[in-house]
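K.L.:
Can you read through this structure? Questions will come right after.
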There are 2 protein chains.
Amino acid sequence: MRTGPSQEEIRRQNLGALLRHVHLRGATSRAELTTALGLNRSTIGALTADLASAGLVSEAIPKQRGRGAGRPSLVVRPESARVHAWAFSIEVDRLQAARIGLGGVVLDRRELGRPRGLVAAETAPLLAGALKEMRRAVPPGTIGVGAGIAVCGMVRREDGLVRLSPHAGWVNEPIGATLATELGADTPVVVANVADVCAFAEHARGAAAGCDNVIYLYGDVGVGAGIIAGGRQLTGHGGYGGEVGHMVVNRHGSPCECGSRGCWETEIGEYALLKAADRPEAFGREAVLAVFDAADRGDARAQTAVRQVGDWLGFGVGNLVNLFNPEMVIFGGTMRDLYLAAAAQVRSRLNSVALSACLEHVRLRTPQLGNDAALIGAAELAFERLLADPLDAS
Amino acid sequence: MRTGPSQEEIRRQNLGALLRHVHLRGATSRAELTTALGLNRSTIGALTADLASAGLVSEAIPKQRGRGAGRPSLVVRPESARVHAWAFSIEVDRLQAARIGLGGVVLDRRELGRPRGLVAAETAPLLAGALKEMRRAVPPGTIGVGAGIAVCGMVRREDGLVRLSPHAGWVNEPIGATLATELGADTPVVVANVADVCAFAEHARGAAAGCDNVIYLYGDVGVGAGIIAGGRQLTGHGGYGGEVGHMVVNRHGSPCECGSRGCWETEIGEYALLKAADRPEAFGREAVLAVFDAADRGDARAQTAVRQVGDWLGFGVGNLVNLFNPEMVIFGGTMRDLYLAAAAQVRSRLNSVALSACLEHVRLRTPQLGNDAALIGAAELAFERLLADPLDAS
């Protein structure tokens, strides 16, 4: 008979499970780990000792002692200051860079404006420059696990090539490979779509923790979604699943940058809102927020625009609820602002479009990780290798 | 350290893996099983002996001897005549019942007309009657693993309740529980949506074998989809995922039986085609096929109808390709006929709606299992328990 996984394989799996637990949940007592992982006390002790000697976790006696008479259970923490990933977010009009500690802690960050039209070969040196600047403040003896990049565009799963980012003006841009060349062989680089990494982060440690069927809508100029189905990210065959912004909802609608017509993002994207608010010359996140502000202050034109675009938001969410039967929809990026400003329209249209069985358990939420979701999610891309095999990758 | 799965657990997993292999692939030599399952010859021999003594497989020397000088490898076959599941398909205007042997062989079948409006309490006795009739021809000593039902409607995952089947006129019909009462405790009953079971069957042993991202469109009066994402069935939170017929594609379109307006099935369902062909009083599968026949014979009105409805078919498939990035779309039920009659329109509209990255690997196919997919898929629901633990369930 085959003997199943070897002791060594099981040990690696358990090391990964323990490290993942404290990475996602934070400081955890040995007693809680025993229950959570279904392992006995001595195994937890041995695993923790291995992770501690690799510099990945630390153990301490908790300050608050319980009422029990016994020894307090040691608390295991991720070594957030010592183990880090580099995280980047490439947005239409800005670049973000951060150093994220194990446990999802933002240790340092930079933000740069991004001239429109900057290609990968021009963007990578800016990201590498931000990294090098942050690296000066990193104490010696730390462990870097690599870098993750979130991009507002379609990313090929097999190699991280950005196939298309219409709003950033990118076609087939190898940003991952270009940045990897800048950073050197000891810093592996992983690339993914921004909505996918936000969904991953909110599912791992945010609003959707514990939910197996989630749609995370992300809006900036365009609109995308990260989709969790049955507890796993929906990637599709090439990595392009979740292009909800290009679901055609208005067959005779406006031309879309993708070449089609009446795509959902032509009705709910940045330009749709600004045009409806009679500000067709404006662009950018500030201009979008100004419309919500104006609506809030009673500007009738802005209010009409918000209601109209909010109605289309609810319409498309209704379609997605029928297709995916999620238990949660999260509104991120500018979709958060739109949802908050037009919740009544969203809910009303959603209720009229969605089937009642699909609607009955769906919760509408805003991101718990706020604007850090993209960076924290990008870091998760890099941490994944460490969590899969802690002692090999560290 | 935890010792991992026990020898007994590993043995059960391996028994299931071997039985699943011959169930899906048919007769397989021991040598091929050794390679396919990654187990050594003596383990394969021991597992096969266990399954054979439980009456689930048989072994024989192959008739055709190879060129090699050594002993021929014994061939392991599923005991199709001896191990069976009962399969039922509840369609809008007919009921199908079958006895399906291990390996997916149709051993016997019955078809009954179904008066519209028949509720679960009236339908279950008809199904049970067909089963009892077929049971008379079953030789002694056979093993029945239970029954599966495919329903054109939304099925609650946790208990098989049919929440809604607008075209069959069902709301909250407990067909599974009702049939289980008819059949007795030794025949467990599982219920699922017909598009889901067809997708499962085509993925397991049909056109989509080996494809991890698949959309199976199923049309009768309405339209639904079974979706395979990342190799697994997309069920959604309650089991209602894949309600593509209620993706609204035409906001100002016709009212839908679901209560909404402009749902995809109002543009591509049975009624849309018959109306476009100027046959609004007609209904049923025969009437639909008559339109395709007429178009084939040069009837201009029928040809226009087929082109118009085919265009809407391509439109919706384009949306689904952007959302799911599948590698294959299968057109089943009446969607098969529509696709074959209007392939040029489907392809042309799909190409204009879908993003090029999502399009590049997508293949359009008709079902390999033909009209038996629903019954074979329904039987798979029942076989699943046997395959999960062959010696316990048999």
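The values are calculated or read from the model by the stated rules, or taken from the named source; none is laboratory data. All values derive from a computational prediction rather than experimental measurement. We place every Cβ from the backbone using ideal geometry, glycine too, and count neighbours over all the protein chains shown.
K.L.:
So which of A:ASP212, A:ASP220, A:ASP196, A:ASP186 is of a type in the set (Asp, Glu) and within 12 Å of A:PHE324 (Cβ to Cβ)?
P.N.:
One residue alone meets the criteria, A:ASP212.
K.L.:
Out of (1) modelled with pLDDT of 95 or more; (2) within 26 Å of A:HIS237 (Cα to Cα); (3) out of contact with any strand residue (DSSP E or B) (no Cβ under 8 Å at 6 or more places or on another chain), the odd one out for A:GLY104 is which?
P.N.:
Single failed check for A:GLY104: (2).
K.L.:
Moving on to the next point. Give me the strands (runs of 3 or more DSSP E) completely within the range B:77-168, filtered to those with at least 3 residues that are within 17 Å of B:ALA180 (Cα to Cα), ordered by residue number.
P.N.:
Fully inside the range B:77-168 and qualifying: B:83-90, B:94-101, B:143-151.
K.L.:
In the list A:GLU182, A:GLU202, which residue meets the criterion of being outside the structural domain of A:GLU327 (by TED's automatic domain parsing), of a type in the set (D, E, K, R) and at pLDDT 95 or above?
P.N.:
One residue alone meets the criteria, A:GLU202.
K.L.:
For the range A:216-247, which residues satisfy the criterion of being crowded, with 24+ Cβ neighbours inside 10 Å, assigned to a strand (DSSP E or B) and at the interface with chain B (Cβ under 7 Å from one of its Cβ atoms)?
P.N.:
Answer for the range A:216-247, where residues must be crowded, with 24+ Cβ neighbours inside 10 Å, assigned to a strand (DSSP E or B) and at the interface with chain B (Cβ under 7 Å from one of its Cβ atoms): just A:ALA229.
K.L.:
Give the residue, chosen from A:GLY259, A:GLY269, A:GLY284, that is within 14 Å of another protein chain (Cβ to nearest Cβ) and either surrounded by fewer than 20 Cβ atoms within 10 Å (Cβ to Cβ) or of a type outside the set (D, E, K, R) (or both).
P.N.:
Selected residue: A:GLY259, the only one of A:GLY259, A:GLY269, A:GLY284 that is within 14 Å of another protein chain (Cβ to nearest Cβ) and either surrounded by fewer than 20 Cβ atoms within 10 Å (Cβ to Cβ) or of a type outside the set (D, E, K, R) (or both).
K.L.:
Among all residue pairs at least 6 apart or on different chains, which show Cβ distances below 6 Å where the first residue, located in the range A:119-140, is assigned by TED's automatic domain parsing to the domain that holds A:GLY176 and at pLDDT 95 or above and the second is surrounded by 14 or more Cβ atoms within 10 Å (Cβ to Cβ) and basic (Lys, Arg)?
P.N.:
Once the first residue is assigned by TED's automatic domain parsing to the domain that holds A:GLY176 and at pLDDT 95 or above and sits in the range A:119-140, its partners that are surrounded by 14 or more Cβ atoms within 10 Å (Cβ to Cβ) and basic (Lys, Arg) give A:ALA130/A:ARG110; A:MET134/A:ARG99.
K.L.:
Looking at A:LEU18, A:LEU56, A:LEU24, can you tell me which residue is at pLDDT 95 or above and within 14 Å of another protein chain (Cβ to nearest Cβ)?
P.N.:
A:LEU18
K.L.:
May I ask you to say which residue of B:ARG336, B:ARG347, B:ARG365 is in contact (Cβ under 8 Å) with a residue 12 or more places away in the chain and more than 24 Å from the chain's Cα centre (by Cα)?
P.N.:
None of the others qualify; the one that does is B:ARG347.
K.L.:
Select, from A:ASP212, A:ASP159, the only residue that is within 14 Å of chain B (Cβ to nearest Cβ), out of contact with any Ser or Thr (no Cβ under 6 Å at 6 or more places or on another chain), free of Cβ contacts under 8 Å to residues at least 24 places away in the same chain and surrounded by fewer than 24 Cβ atoms within 10 Å (Cβ to Cβ).
P.N.:
Every option except A:ASP159 fails the conditions.
K.L.:
For the range B:1-58, give me each residue that is closer than 30 Å to A:ARG41 by Cβ and in contact with an Asp or Glu (Cβ under 7 Å, 6 or more places away or on another chain).
P.N.:
Passing the criteria: only B:ARG12.
K.L.:
Across the range B:243-266, which residue is nearest to A:ARG261 (Cα to Cα) among those that are β-branched (Val, Ile, Thr) and in contact (Cβ under 8 Å) with a residue 40 or more places away in the chain?
P.N.:
B:VAL249
K.L.:
Go through (1) at negative phi; (2) in the same structural domain as B:ARG135 (by TED's automatic domain parsing); (3) crowded, with 18+ Cβ neighbours inside 10 Å; (4) of a type outside the set (A, V, I, L, M, F, W, C) for B:GLY104 and report which single condition fails.
P.N.:
(1)
K.L.:
Answer yes or no: is there a residue in the range A:129-145 that is loosely packed, with under 15 Cβ neighbours inside 10 Å and at positive phi.
P.N.:
Checked the range A:129-145: at least one residue is loosely packed, with under 15 Cβ neighbours inside 10 Å and at positive phi.
K.L.:
Go through the range B:307-333 and give me each residue that's among the charged types (D, E, K, R) and either facing chain A (nearest Cβ under 9 Å) or surrounded by 24 or more Cβ atoms within 10 Å (Cβ to Cβ) (or both).
P.N.:
If the condition is that a residue be among the charged types (D, E, K, R) and either facing chain A (nearest Cβ under 9 Å) or surrounded by 24 or more Cβ atoms within 10 Å (Cβ to Cβ) (or both), then B:GLU327 is the only one that fits.
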